[in-house]
1. Every residue in the stretch 375-401 that is under 11 Å from LEU347 (Cβ atoms) and within 12 Å of the ligand (Cβ to nearest atom), please.
2. Would you check if there is a residue in the stretch 65-73 being in contact with a helix residue (DSSP H, G or I) (Cβ under 9 Å, 6 or more places away or on another chain) and more than 27 Å from LEU197 (Cβ to Cβ)?
3. From (1) within 16 Å of the ligand (Cβ to nearest atom); (2) free of Cβ contacts under 8 Å to residues at least 60 places away in the same chain; (3) of a type outside the set (A, V, I, L, M), pick out the condition that doesn't hold for GLY483.
4. Please work out which residue is nearest to GLU259 (Cα to Cα), limiting yourself to the stretch 347-366 and to residues that are in a loop (DSSP other than H, G, I, E, B), more than 10 Å from the ligand (Cβ to nearest atom) and touching a Ser or Thr at 6+ places or on another chain (Cβ under 8 Å).
5. Quick one: count up the residues across the stretch 565-595 that are within 15 Å of the ligand (Cβ to nearest atom) and modelled with pLDDT under 95.
6. From the list LEU414, LEU372, LEU423, LEU438, which residue is away from the ligand (no atom under 14 Å from the Cβ) and outside any helix (DSSP H, G or I)?
7. Taking the conditions exactly as written (acidic (Asp, Glu) and either touching an Asp or Glu at 6+ places or on another chain (Cβ under 8 Å) or buried (at least 19 other Cβ atoms within 10 Å of the Cβ) (or both)), does GLU209 satisfy them or not?
8. Identify, from the list GLU397, GLU460, the residue that is among the acidic types (Asp, Glu) and assigned to a helix (DSSP H, G or I).
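The values are calculated or read from the model by the stated rules, or taken from the named source; none is laboratory data. What you see is a predicted model; the values in this text were computed from it and never measured. Note: ideal-geometry Cβ built from the backbone for every residue, glycine included; neighbour counts use all protein chains shown.
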Amino acid sequence: MCGIIGAVAQRDIADVLLAGLRCLEYRGYDSAGLLVVNTQGQTSLLRRVGKVSNLVDAAAQMVLSGETGIAHTRWATHGQPEEMNAHPQVSTNISVVHNGIIENHELLRKYLQGKGYVFLSETDTEVIAHLVHWEQKNGGSLLEAVQRAVPHLRGTYGMVILDSYSPGRLIAARSGSPLVIGRSIGENFIVSDPMALFPITRFFTYLEEGDIAQISCNDIIIVDQYSNCVQRREIESHLEYESCNKGTYTHYMQKEIYEQPKAIKNILTSRCTNGVVFFNELDCHAHALFEKVQHVKIVACGTSYHSGMVSRYWWESLAKISCDIEIASEFRYRQSVVRENSLFITLSQSGETADTLAALRLSKKLGYLGSLSICNVASSSLVRESDFALMTNAGIEVGVASTKSFTSQLVVLLLLVAKFCGLQDKNSSVEKYIVESLQKLPDYIDQVLLQDKLLSELSEEFADKNHVIFIGRGDHYPIAMEGALKLKEISYIHAEAYAAGELKHGPLALIDTHMPVIILAPCNTLLPKLKSNIEEVRARGGLLYIFTEAQSGFLNSERMRIIVLPHLEEVIAPIVYILPLQLLSYYVAIRKGTDLDKPRNLAKSVTVE
Ligand code: F6R
């Protein structure tokens, strides 16, 4: 969480910092700030509560002159979203922007108060500013002061430090939160996400854990955690800048929902030929390892966790490989038993989710055969730290609510399951069946997208509700969970999902004539069972919204709305059924007037635990 950008240039840099912050806003948006310093050492500090636009408006009323600067958009951890808690946090000449959490901040606060420092904020970040200031008094360069300060910090940080007595350079340090250096001609940058620098440069160097970097206009020096000067590989990014814009859509979420058929087509074209799955990025070591796999352990958070849950049904029913799936924040703090010949799989859109990353690091000590990540950001920590990685290549996802990254993860997971079927049996009819079914998926999704108007109308019936229940069975239970997550996160309506068979074990007590129940009812072997659950809800007066196929035999009636989806191959049905739920949530949020691309209290990339 939190977006950071820093720049050392030979031109006034405030506008570049503000434009960068706009791009980073998905990482947090409850306050924002910037500090610039010019060659005479004159500084301007500006901080505002609320969205980056508040800061931009305030900046328009001032002259912000300075060639060196740092800026920040915040997702509050310690301290309310108030101006005093916004970053940069300042200690005389030292200013800091920080992403992460300093866990021992209370101890450090007391220590620094003992040295005479007066704290003006409730943040954990302010201790960094005072600590570096204190260390600087012991002499040496700013880089050395930071090197002496960081061993005292417990927790996570990606931070950039500016000394206004010595403009023209910045120090950046990384432990747990991503930081990337962007190199340009006669100016250099440091940022949480390279996307924020796309209008300026395509050349990026990712800091590694424990790295500290000093950047000036023409120089970049990186030292590792052992104080050795190191060279990190520079990469050139070819990501499309256009994907950072909304284009003709009203919201990023809407654009990203509509991008799903294209994203899926891209995956299929690049990974399937003649009914066979190819993962070109997996070498012979990966294939040799896959042949030994008897169990798959999947760890992820949020929406990514839901895609893992769907895949469990595929792993076991199609590839006959046992699979279990766990939330990363739980896995990382419990003592678990590793099954023999287990592959550890992490799923993540961003590849920077703190809990998922920590789970991956833990897995390396536990005796798994190896680790594989399925991720949307090739340069992310998760990809770099996994033994093998498969990219979803869905394009940049800006909307905080995941949509295209979810369906792309599902497609890659299903292809992976197909690949395992192929490894077990070279002429696998299951692999062929999966690939052929997936080839039809973009068309099915296009058909569901045609229901846009109907779902927009339907959303009216939900806008004044306080609670909604979602139910499903089998591989549609996780889809019900994902549908409930979409609705709650962008419309702030309380939504819960239940496995339909569980209703009678408690949740049925919630049903009354005001309770809408969304039911996912594809035509599959579980439909008769689901029909009984539907009757249980109906008998108690619930308002039913059944997403199903024409063949299922449901008829519209009072208190029962039928939303008809295409008739589908069973294996791909869960991927199609999330589409109407994404659209429905989108339109409910529009009716409720929420800021749906940036819902309250959330951020896109959860880099704190
Ligand atoms: C919900 C959502 C979150 C993320 C979760 C994990 O729409 O986006 O629940 O899925 O924070 O993020 P990644 O996939 O980046 O690890």
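1. Listed by number, the residues that qualify are CYS375, ASN376, LEU382, THR392.
2. Initial filter on the stretch 65-73 (in contact with a helix residue (DSSP H, G or I) (Cβ under 9 Å, 6 or more places away or on another chain)): 65-66, 69-73.
From the residues that got through so far, the ones that are more than 27 Å from LEU197 (Cβ to Cβ) too are none.
The answer is no, given that none of the residues of the stretch 65-73 is in contact with a helix residue (DSSP H, G or I) (Cβ under 9 Å, 6 or more places away or on another chain) and more than 27 Å from LEU197 (Cβ to Cβ).
3. GLY483 satisfies every listed condition except (2).
4. Start the filter on the stretch 347-366 by keeping residues that are in a loop (DSSP other than H, G, I, E, B), which leaves 349-353, 364-366.
Filter once more, so that each one left must be more than 10 Å from the ligand (Cβ to nearest atom): 364-366.
Restricting the remaining residues to those that are touching a Ser or Thr at 6+ places or on another chain (Cβ under 8 Å) gives 364, 366.
Numbers: LYS364: 36, LEU366: 39 Å.
Filtering first and then ranking leaves LYS364.
5. So the count comes out to 1.
6. Values: LEU414 fails: outside any helix (DSSP H, G or I); LEU423 fails: outside any helix (DSSP H, G or I); LEU438 fails: outside any helix (DSSP H, G or I).
Going through LEU414, LEU372, LEU423, LEU438 in turn, the sole match is LEU372.
7. On the way: acidic (Asp, Glu): yes; either touching an Asp or Glu at 6+ places or on another chain (Cβ under 8 Å) or buried (at least 19 other Cβ atoms within 10 Å of the Cβ) (or both): no.
Considered against the rule, which asks whether it is acidic (Asp, Glu) and either touching an Asp or Glu at 6+ places or on another chain (Cβ under 8 Å) or buried (at least 19 other Cβ atoms within 10 Å of the Cβ) (or both), GLU209 comes out as no.
8. GLU460
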